[in-house]
1. Could you please find all residues in segment A:332-353 being of a type in the set (D, E, K, R) and surrounded by fewer than 24 Cβ atoms within 10 Å (Cβ to Cβ)?
2. With A:R129, A:R186, A:R190 as the choices, which residue is basic (K, R) and not assigned by TED's automatic domain parsing to the domain that holds A:S318?
3. Please indicate, with yes or no, whether at least one residue in segment B:131-145 is under 25 Å from A:A524 (Cβ atoms), touching a Gly at 6+ places or on another chain (Cβ under 6 Å) and within 12 Å of another protein chain (Cβ to nearest Cβ).
4. Quick one: what pairs do we get from segment A:328-352, first residue in the same structural domain as A:H239 (by TED's automatic domain parsing) and hydroxyl-bearing (S, T, Y), second surrounded by 18 or more Cβ atoms within 10 Å (Cβ to Cβ) and part of a helix (DSSP H, G or I), C-beta under 7 Å, 6+ apart or different chains?
5. Among B:G175, B:G157, B:G149, which is the only one that is out of contact with any Phe, Trp or Tyr (no Cβ under 8 Å at 6 or more places or on another chain) and more than 13 Å from chain A (Cβ to nearest Cβ)?
6. Looking at (1) in contact with a Ser or Thr (Cβ under 7 Å, 6 or more places away or on another chain); (2) away from chain A (no Cβ under 11 Å), can you tell me which one B:C103 breaks?
7. Give the residues of segment A:496-506 that are crowded, with 20+ Cβ neighbours inside 10 Å and assigned to a helix (DSSP H, G or I), sorted by residue number.
8. Only one of (1) modelled with pLDDT of 95 or more; (2) within 12 Å of chain A (Cβ to nearest Cβ); (3) over 17 Å from B:C41 (Cα atoms) is not met by B:V95, so which one is it?
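The values are calculated or read from the model by the stated rules, or taken from the named source; none is laboratory data. All figures in this text were calculated on a predicted structure; none of them were measured in a lab. Every residue, glycine among them, receives a Cβ derived from its backbone with ideal geometry; neighbour counts consider all protein chains shown.
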Amino acid sequence: MIAPAAKNIASAGQLDQLRQRLRVDAERYKVNIAVCGGTGCQAYDCQAVIDAFDQELARRDLKDTVRLRCTGCHGFCERGPLAVISPSGLFYQQIKTEDVPEIVDKTIIGGEVIERLLYREPITKDRIREESEVPFYKHQQRIVFGANGIIEPTNIDDYIAVGGYQALAKVVGALSAQEVIDIVLRSGLRGRGGGGFAAGRKWEITRDQGGDTKYVICNADEGDPGAYMDRSILEGNPHSVLEGMLIGAYAIGAAEGYIYVRAEYPLAVRNIGVAVAQAEEAALLGENILGTGFNFKVRISRGAGAFVCGEETALIASVEGRLGTPSAKPPFPAQRGLFGMPTNINNVETWANVPQIISRGADWFAGTGTPKSKGTKVFSLVGKINNTGLVEVPMGITLREVVFDIGGGIPKGRKFKAVQTGGPSGGLIPESMLDLPIDFDELTGVGAMMGSGGMIVMDEDTCMVDIARYFMNFLREESCGKCTPCREGIKNMLHILTRICQGAGNEDDIGRLEALADGIGAAALCALGGTAPNPVLSSLKYFRDEYLAHVKEKRCPAGVCTALITLSIDAAKCKGCGRCVKVCPTDAISGGVKKAPAKIDQAKCISCRACFETCPFDAVTIV
Amino acid sequence: MAQITADSINITVDGELAEAQVGETVLTVCRRMGKDIPTLCHHEGVEPYAACRVCLVEVTAGARQELVPSCQYPVSDGLVIQTDSQAVRDARRVVLELLLARCPKSDVVVDLARRYGVTETPYPTDDPDETCILCGLCVRVCEDVLGVGAIGFADRGIDREVGVPFDEASEVCIGCGACVAVCPTGHVCSIDDGLVRRMETWKTELELEECEVCGRPFATVKQLDHIRGLLPEHVPLNRICPVCRRSQAVQRLSEACSIVVDNLGATAGQDGIENLKSL
């Protein structure tokens, strides 16, 4: 790691000089290699690839002309480890350590393209050379994630070189607090954490409270299953969040801020910690920032990973060292928040949008999106989808475009069934609504919600009753237990759903489930409880026939609920490869050797579906 | 009726106009008006908690209509409140069905549920002997009011429970019994047995002190020490039971009165004394 040059920047002029110097310095590198170091790629051991590059560049004495960076998440997690080689912007994917000497030799030195490392479009089979031409990226609009693949998150110089902290300089040097709020209001920025409240309005309310002590908080307690947008921003571009908080603090009149991040995000915790330390060294955090008299310091508060602590009042309790349970609003945190003082809480993605809005203007930001939802939204596209990864799309894009054009559709040629947005508090959206534009109000209107941006795609082999049961189980684990409807109600919703999945449900259960869900939604204390029934209500609304099949016919149409399915092997399709025999945990399958078809002993079968998932010939059928 | 001051605001409760003070809760105003709003986790002496959800009322503020906990929700000018709308009754009924499934033997829960037409619950009961509704009053009075913090919540969600750390006898509990007094269902209990107070729910035993006057055990040694610690040094703490303290107070008062009467007699003459006696 190169030690940052950014130290004790005393004025906007010095910041500008530093930026220009860094740009000149960067020109001595003829080639830049940006290897994705996001959590997804870390799981593919991208560190080994980075180390291999480092060694190879050292061995060939190229370290003075080739700059190797371990960047934040590039988004296309499905294809990691990834690297972008500039200036040509060549995009290599699924890189192995043994490919590295060849890349250095052929591409870096020889200027050749290694065809096999290029992304291949699955339908046309064309090899695509540049990242921006890959369909996964082509339909995206990367504002928040723009710099993620370019900069090294652990070096503040990289952020400054791409124009970082220029928005802060503009704000503290030339704008009044009200002017900043007006810009944010005009941009139409709404909170990306789930509620979608107008960010500028929230700032204004906090600013207008009496008293001298106010706080800003960055909510990085991302807890939805499958969601990792905020994590990747903190990991990949932590200074954009700090800059957003600085601007917010200036507008609100806060001198202190907290970043509440879950300890299960070790890389995010590390990178934001490094960023805070480097920003302090650079005097961009602390006293008399850029010589303007504005003071702001940031502390990092690590959460123990409770889903409910993403709720503002529970988060505040946790930061204060109290039990992380929500309290009733009003008073809102803007009125009485951290340590009893007016507090403005925005999530990571919201803060990261702020410097862009200041730099490029409210009109530029409002130029993207729908009438009431402006800008872009980052989603983590997961589940039964070809291109798993992080996508940043303009508001107003349809779900169909996200799932099919960016996501590349459903694996194994299976049929799309539903998409779950907003995590466990969100709803299931059926195929008939795929042309719905992504917008805070449109999603809420169909019983789902934007949430923080989890998007779980489900195929025809997903049972909607089972999915509702899965989410209720998650929420049962994560309910804090303070209020009666959430604590007792979710338990009983889960109880009913489990009964239905086990084939022991009856038609009355559906009505009971609906009544209970409505009751919990109306009576729960916080947003977690209030939205907990959404998966149940939306699945009942759009997939009622599946519930009815479970209770009336004792049949699971998707072939998932083990108590309701029978597996058998189609002798005509079975090639006798024996894979199913090996995976069966109860030795229920006989035959399957020497090309003789396998057979399932129903008395021993526990319907675990291991054979179904394993069979390469689709010979296992589920009835 | 609330005193009308500069901070008075107007609200509407069940169609009836009412005066309220800024800072008051909906529950306070409604109860003053004689409205019947049930509560379980609420106690006048403890900060509102808004957890049991039986005190929900429907409020309309602007275009928004929602169910809010009356125990905690502050009144604001023009607020329209319905204490017994269909939505309120439906929500209370769901909450009471859930509580009845949790605590089928709790008289308080059973009686309240019956008032809302809930005589049986569609939901299963895990522990038929459960009497704790997790209102948290014991925890809150111990920590927030007394500053002792001997008990707390353990675990979360449906596994949440109140108890002493590690489920072992508390070294912190002073045995004051405030938790017993505020518990709405009788789940928290204690027994005085000779010179020992057994905080049954908290698995903790404490030594009782005998009254300096009558000799009856009346408070735990730890509670008296705790009070001693709260008092300024020059203020004496007599270790006397409430009954004896009361009779001592009466004694002192009557002595003081007779001195006053005697003094008056010296200055106001016999007539004055007769007048005083006739009062």
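1. In the first step, residues of segment A:332-353 are kept if they are of a type in the set (D, E, K, R); the result is A:336, A:349.
If the condition is that a residue be of a type in the set (D, E, K, R) and surrounded by fewer than 24 Cβ atoms within 10 Å (Cβ to Cβ), then A:R336 is the only one that fits.
2. Values: A:R186 fails: not assigned by TED's automatic domain parsing to the domain that holds A:S318; A:R190 fails: not assigned by TED's automatic domain parsing to the domain that holds A:S318.
Answer to the selection: A:R129.
3. Filtering segment B:131-145 for residues under 25 Å from A:A524 (Cβ atoms) gives B:131-141, B:143-144.
Still in the list and also touching a Gly at 6+ places or on another chain (Cβ under 6 Å): B:139, B:143.
Checking the rest, the ones that are also within 12 Å of another protein chain (Cβ to nearest Cβ) come to B:139, B:143.
Yes, because at least one residue in segment B:131-145 is under 25 Å from A:A524 (Cβ atoms), touching a Gly at 6+ places or on another chain (Cβ under 6 Å) and within 12 Å of another protein chain (Cβ to nearest Cβ).
4. A:T343/A:T206; A:T343/A:I316; A:T350/A:A199
5. Numbers: B:G157 fails: more than 13 Å from chain A (Cβ to nearest Cβ); B:G149 fails: more than 13 Å from chain A (Cβ to nearest Cβ).
Matching residue, one of B:G175, B:G157, B:G149: B:G175.
6. (2)
7. Residues of segment A:496-506 that are crowded, with 20+ Cβ neighbours inside 10 Å, as a first pass: A:496-497, A:500-501, A:505.
A:I496, A:L497, A:I500, A:C501 - these are the residues of segment A:496-506 that are crowded, with 20+ Cβ neighbours inside 10 Å and assigned to a helix (DSSP H, G or I).
8. (3)
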